[in-house]
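The values are calculated or read from the model by the stated rules, or taken from the named source; none is laboratory data. Note that the structure is a prediction, hence the values are computed from the model and not measured. Positions of Cβ are backbone-derived with ideal geometry, glycine not excepted, and every protein chain shown enters the neighbour counts.
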């Protein structure tokens, strides 16, 4: 198997082993909550990863759209 751009999958991906995704707090509660969803990827079937990524993208897009609006939602 290969990843995009022809890079071979690592041993963990080939064996279906958990891949931890380190998430550093950003200080923005909405961004942090969105990024925490990355931790779910090890527990959901790969077929559902697109849905998780879609939700993360929507949350981050919303937070970015509100940045600088002074609504205080991120703090």
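The set of residues in the stretch 19-56 being part of a loop (DSSP other than H, G, I, E, B), touching a helix residue (DSSP H, G or I) at 6+ places or on another chain (Cβ under 6 Å) and farther than 19 Å from residue 68 by Cα consists of 19, 21, 23, 25. Please determine whether any residue of the stretch 7-15 is part of a helix (DSSP H, G or I), at negative phi and at pLDDT 90 or above. Scanning the stretch 7-15 turns up no residue that is part of a helix (DSSP H, G or I), at negative phi and at pLDDT 90 or above. With the requirement that a residue be loosely packed, with under 12 Cβ neighbours inside 10 Å and more than 13 Å from the chain's Cα centre (by Cα), what does the stretch 45-63 give you? If the condition is that a residue be loosely packed, with under 12 Cβ neighbours inside 10 Å and more than 13 Å from the chain's Cα centre (by Cα), then 45, 46, 47 are the ones that fit.
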